[in-house]
Amino acid sequence: MSTVATPSGTRPSRGRLTDLFTGGGRSRRVLWLLLGVVLLVSIVRVISGEQQLTSSSTMAAALLLAVPIGLAALGGLFSERAGVVNIGLDGMMTLGTWGAGFAGYQWGWGAAVVGGLLFGALGGLLHAVATVTFGVDHVVSGVAINILAAGFVRFLSEALYSDNPAGGGVTQSPPVDGTPPTFSVPVLSSGPDLLGSLERQGWFLVSDVAGILRGLTSGIGLLTLIAVLLVPASYLLLWRTAFGLRLRSCGENPAAADSLGVPVYRLKYVAVVISGALAGLGGVFLVFIAGIYREGQVNGRGFIGLAALIFGNWRPGGLAAGAGLFGFTDALQLRSRAAVVALFLLVAILLAVLALVQARRGNLLTAGIAAVVAVAALVAFLTVEELPPGLVSFTPHLTTLLVLSLASQRLRMPKADGLVYRRGEH
Amino acid sequence: MAALLLAGSMALAACASDESSSGGGSGSGGGGGGGSDELRIGLAFDTGGRGDRSFNDAAVAGVEAAIEEHGGEFQDLSPNADASNRADLLTQLADEGYNPIIAVGFAYGEVIGDVVEQYPDTTFAIVDSSAEEVGADNLTGLLFSEEQGSFLAGVAAATKSETGHIGFVGGVETPLIQKFEAGYVAGAQAVNPQIIIDRQYISPAGDFSGFNAPDRGLLVAQGMYEAGADIVYHAAGGSGLGVFQAAAAAGKRAIGVDSDQYNTVDDPALQAVILTSMLKRVDNAVSAFIDSYVDGSVEGGSDIVYDLAAEGVGLSTSGGFIDDIQDTIDDYRQQIIDGEIEVPTTP
C-alpha cells in the first residue's frame with residue numbers, strides 16, 4: 001500500500017500521510033519538527049501582533065546569546081563523551097576571557113582567539129591531570145577549577161593591569177585591538193537585501209521565515225560562523241571518524257577500549273584539553289562583544305552550557321537546540337517584555353494539540369491536564385499585559401527548565417561518564 | 001590533589017583581594033614618618049573594583065586629591081567576583097586601623113549598619129546610600145542628585161535627537177538607577193513633550209549582573225537603535241561599554257555616566273559616539289569628606305547631598321559635541337538651581 005519507501009525499511013507503513021510526516025528517517029522528522037515550530041511561532045506572531053517574535057533582529061540577538069553557551073556545551077560534549085564530567089567549563093571560560101583580553105589588547109583579535117583557546121586549554125589540562133592521572137572525583141576537580149579560575153584571573157589582572165599605561169585595571173583589561181570581520185550573504189541579506197524586504201511585508205509564514213533567515217545570515221561575525229560550523233564538525237569528528245569512535249569508547253566502556261589497544265588515558269587528555277579550548281573560545285566570543293575583558297563577564301554561562309549539553313542528550317544537534325532555545329528566549333526578554341507574554345499563546349496552542357492527541361489515544365487524564373494548563377495559558381495570554389521584570393528576566397531559565405524536564409524522559413549519558421578509570425582495576 | 005587545588009585557589013583568591021594596590025601615598029610626597037597622626041584612609045570598592053575607569057576610580061581621585069593636601073596614605077580593597085565579601089572588606093580595613101573608611105557604592109548600604117556598630121571609634125562614609133536610615137553617629141552618607149544631572153542629559157538628548165526618539169538603558173532596576181531614569185525622562189520631555197523614550201533595565205532588582213554585562217547592554221541598546229532611537233543614555237556601569245559598541249555599529253550616539261567616559265573608553269571609534277557624560281563627582285564628594293574629617297567637622301549620622309548647585313553632578317563637554325547647545329543646557333541648569341524646575345526622583 002505504501003508508495004513512500006522508508007529508507008530504514010524496518011517499519012511497516014502506517015498510511016501515506018503518516019509516512020509523509022514520520023517516514024524518511026531522522027532528518028526528515030527534524031525538518032518537519034522545525035517547520036512545525038516556525039509555523040506555530042508564525043501563527044502566534046500574527047495573532048499577538050508581536051513582530052519581535054521572528055524579527056531578524058531578535059534572531060541575530062538570539063544567535064549572539066546562544067554562541068557562547070553552545071561553545072561551552074560543545075566543550076562539555078568532548079569531555080563527557082570521553083567519560084570526564086566537566087563542571088569546570090565555567091572556570092575554563094573565565095580563563096578564556098582573560099587570555100583573550102591579555103593577548104587581544106597587545107596583538108589584535110587573531111591573538112585574542114589564540115590566547116583564549118590556550119588559556120581555556122590550560123584549564124582543561126589541569127582538569128585532565130587531576131581527573132585522569134590522579135583520579136580526583138570529577139565534580140570536585142571541576143568545582144575547584146571554577147574557584148581557582150576566578151581567583152587566578154583576579155591575581156593576574158592585579159599583577160598586569162593595575163598600573164598599565166594602556167588602560168585597564170584590577171577587574172578589566174585594556175580594550176582589544178580590532179574586531180574580527182563580519183559577513184553577510186550577498187543579495188539575500190545585504191545589498192538588495194531581498195530577505196529584509198520580504199520580512200518587512202509582515203506576511204504570514206513567508207516573512208517569518210525571511211526574518212529568521214536574515215537574522216542568521218546578516219552581519220555574522222567570523223567567530224559566530226566558526227562556532228556554528230563547529231557543531232556539524234564535532235558530529236563528524238566524533239561519530240564518523242576512528243578517532244571519534246575511540247574517544248567515545250573511553251566514555252562508554254574504557255576497560256573494553258583499553259583491552260582493544262585504545263590509548264584511554266591519552267584520549268581522555270586530548271578530549272578534556274579540547275573541551276577547555278572550546279570553552280575558552282566561548283570566552284573569546286564574550287570578549288569580542290564587549291571589546292574588553294571584564295571580570296564576571298562569563299556570568300554562569302558555562303553552567304548553562306552544561307545544562308544545554310544534558311538537555312541535548314550529549315549530542316551536537318541537541319545541545320545546539322538547547323543553546324538556541326536559551327538564546328532565543330533570552331533575546332526575546334531583552335528586546336520586548338510584551339513579546340514574552342506571547343509565549344503563553346505558544347504554550348496554549350502546543351498543549352491544546354497535545355490534549356487532542358492524547359484524547360484520541362485514550363489517555364484521558366493526560367489530555368485533561370494538558371487541556372486545563374492550555375486554558376490557563378490562554379487566559380494568561382489574554383489578561384496579562386506585561387509580566388513583572390523579575391519573572392521576565394527568568395524566562396530563559398524557566399523555559400529551558402520546562403523543556404528540559406519534558407524532554408529528558410529518554411536521556412542517556414555516556415555509560416562511564418564521571419567514573420574514574422584506573423587501568424587494570426576494572 | 002583536589003584539596004591542594006582548592007587550597008591553592010583559596011590562597012590565590014585571598015591574594016587577589018588582600019593585596020593592596022601599590023599606588024597609595026607614595027607618590028604624593030606627603031607620606032613621611034608614619035606616626036599615629038598620619039592620615040590612613042581605607043577605601044572599599046563596589047563591583048568593578050579599582051581601575052573601572054569610572055565610579056571607583058573617581059573615588060580614588062578624590063582620595064588622592066585629599067592626600068595631596070593633607071598627606072597620609074590609603075588602602076583600597078575590591079570585592080570578589082560575586083561581591084559577597086563586602087562586610088569583610090570593611091571590617092578588615094577597620095581592624096587594620098584605617099580611619100576614615102569610605103565604602104563606595106550603594107550595595108554597601110545593606111551591610112554597613114552592622115560594621116559601624118562594631119567599630120564606634122572609626123569614622124565611616126558611604127557613597128550612594130543614606131546614613132540617616134542607619135542612624136549611627138560615625139557614618140556619613142554621600143549622596144548625589146543624579147536626577148538633576150540626568151535631567152540635563154535628557155535635555156541634551158532631546159535637543160540633539162533628529163528622530164524625536166531616544167532611549168535609556170538601566171543596569172539594575174533599583175531606586176538609585178530609577179533616579180537616573182526619572183530625571184532623564186523629565187529633562188527630555190521638558191524640551192520635547194512628544195518625544196518617544198524607550199526605557200529598559202538589563203536585570204531586575206536583586207540581580208546585580210546588569211552592571212557587568214556588556215553583551216546584554218549591547219543587545220538592549222541595539223533594539224532601541226533599530227526601533228528608531230538615535231541617542232541612548234546608559235546608567236549601567238560596565239554594561240555601558242556594550243551600549244557604546246551598539247551605538248558605534250549603528251552609527252548613532254550614546255550618553256555616558258558617572259565619569260567622563262569620552263576620556264576613559266580608550267577607543268577612538270567609541271569616543272566618536274559619546275555625546276556627553278552625566279558626571280557624578282564622587283571625587284569632589286570624597287575629598288570634601290576627608291577635608292572635613294581632617295578639620296574635625298564631620299557631623300555623622302547625616303547625609304550630604306551633592307547636587308547641581310554644589311557641582312556634585314553635571315555634564316561633560318569632552319569631544320565638543322554639545323558645545324552648540326550649551327546655552328540651552330545652562331538655562332535649564334539655572335532653573336533647577338533656582339528651584340523653578342523640580343526634578344522627580346521616581347519614574
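The values are calculated or read from the model by the stated rules, or taken from the named source; none is laboratory data. The model shown is predicted, which means the values in this text are computed figures rather than measured ones. Cβ placement follows ideal geometry from the backbone for every residue including glycine, while neighbour counts extend to all protein chains displayed.
Selection of strands (runs of 3 or more DSSP E) fully inside the stretch B:270-345 by the criterion of at least 1 residues being out of contact with any helix residue (DSSP H, G or I) (no Cβ under 6 Å at 6 or more places or on another chain) and farther than 26 Å from residue B:221 by Cβ returns B:303-306. Taken together, A:257, A:233 contain a single residue that is part of a helix (DSSP H, G or I), small (Gly, Ala, Ser), surrounded by 16 or more Cβ atoms within 10 Å (Cβ to Cβ) and modelled with pLDDT of 85 or more, which is A:257.
Yes/no matrix, rows are residues, columns are (1) outside the structural domain of residue B:154 (by TED's automatic domain parsing); (2) over 15 Å from the mean Cα position of the chain (by Cα); (3) at pLDDT 90 or above:
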residue	(1), (2), (3)
B:207	no, yes, no
B:212	no, no, no
B:248	no, yes, yes
B:265	no, yes, no
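Among the residues of the stretch A:153-169, are any surrounded by fewer than 24 Cβ atoms within 10 Å (Cβ to Cβ) and closer than 30 Å to residue A:255 by Cβ? No, there is no match, as no residue in the stretch A:153-169 is surrounded by fewer than 24 Cβ atoms within 10 Å (Cβ to Cβ) and closer than 30 Å to residue A:255 by Cβ. Looking at the structure I just gave you, is residue B:243 farther than 26 Å from residue B:64 by Cα and touching a strand residue (DSSP E or B) at 6+ places or on another chain (Cβ under 7 Å)? Against the criterion (farther than 26 Å from residue B:64 by Cα and touching a strand residue (DSSP E or B) at 6+ places or on another chain (Cβ under 7 Å)), residue B:243 qualifies. Counting only residues that are more than 7 Å from chain B (Cβ to nearest Cβ) and either over 31 Å from the mean Cα position of the chain (by Cα) or not in a helix (DSSP H, G or I) (or both), the stretch A:138-174 holds 7 of them. Can you confirm whether the stretch A:192-215 contains a residue that is closer than 29 Å to residue A:274 by Cβ, out of contact with any helix residue (DSSP H, G or I) (no Cβ under 6 Å at 6 or more places or on another chain) and touching a residue at least 12 places away in the same chain (Cβ under 8 Å)? There is no residue in the stretch A:192-215 that is closer than 29 Å to residue A:274 by Cβ, out of contact with any helix residue (DSSP H, G or I) (no Cβ under 6 Å at 6 or more places or on another chain) and touching a residue at least 12 places away in the same chain (Cβ under 8 Å). Those residues that are within 14 Å of the chain's Cα centre (by Cα) and either among the hydroxyl-bearing types (Ser, Thr, Tyr) or more than 16 Å from residue B:322 (Cα to Cα) (or both), I need them from the stretch B:250-263; list them, please. Correct list: B:258, B:259.
Does any residue of the stretch B:283-295 turn out to be under 14 Å from the mean Cα position of the chain (by Cα) and of a type in the set (A, V, I, L, M)? So far as the stretch B:283-295 goes, yes, one or more of its residues are under 14 Å from the mean Cα position of the chain (by Cα) and of a type in the set (A, V, I, L, M). Screening the stretch B:75-174 for helices (runs of 4 or more DSSP H) wholly inside it with 3 or more residues that are assigned by TED's automatic domain parsing to the domain that holds residue B:214 and over 15 Å from residue B:303 (Cβ atoms) returns the ranges B:146-160. Flag: residue A:221 matches the condition of being of a type outside the set (Asp, Glu) and touching a strand residue (DSSP E or B) at 6+ places or on another chain (Cβ under 7 Å).
Results for (1) modelled with pLDDT of 90 or more; (2) of a type in the set (A, V, I, L, M, F, W, C), shown as yes or no for each residue.
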{"residue": "B:78", "(1), (2)": "no, no"}
{"residue": "B:86", "(1), (2)": "no, no"}
{"residue": "B:91", "(1), (2)": "yes, no"}
{"residue": "B:94", "(1), (2)": "yes, yes"}
{"residue": "B:113", "(1), (2)": "no, no"}
{"residue": "B:118", "(1), (2)": "no, no"}
{"residue": "B:123", "(1), (2)": "yes, no"}
{"residue": "B:134", "(1), (2)": "no, yes"}
{"residue": "B:140", "(1), (2)": "yes, no"}
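Being over 26 Å from the mean Cα position of the chain (by Cα) and more than 9 Å from chain B (Cβ to nearest Cβ) is a property that residue A:123 lacks. Of these, A:353, A:403, which one is over 18 Å from the mean Cα position of the chain (by Cα) and assigned to a helix (DSSP H, G or I)? It is A:353.
Based on this model, can you work out whether residue A:291 counts as more than 25 Å from residue B:172 (Cα to Cα) and in the same structural domain as residue A:226 (by TED's automatic domain parsing)?
It is false that residue A:291 is more than 25 Å from residue B:172 (Cα to Cα) and in the same structural domain as residue A:226 (by TED's automatic domain parsing).
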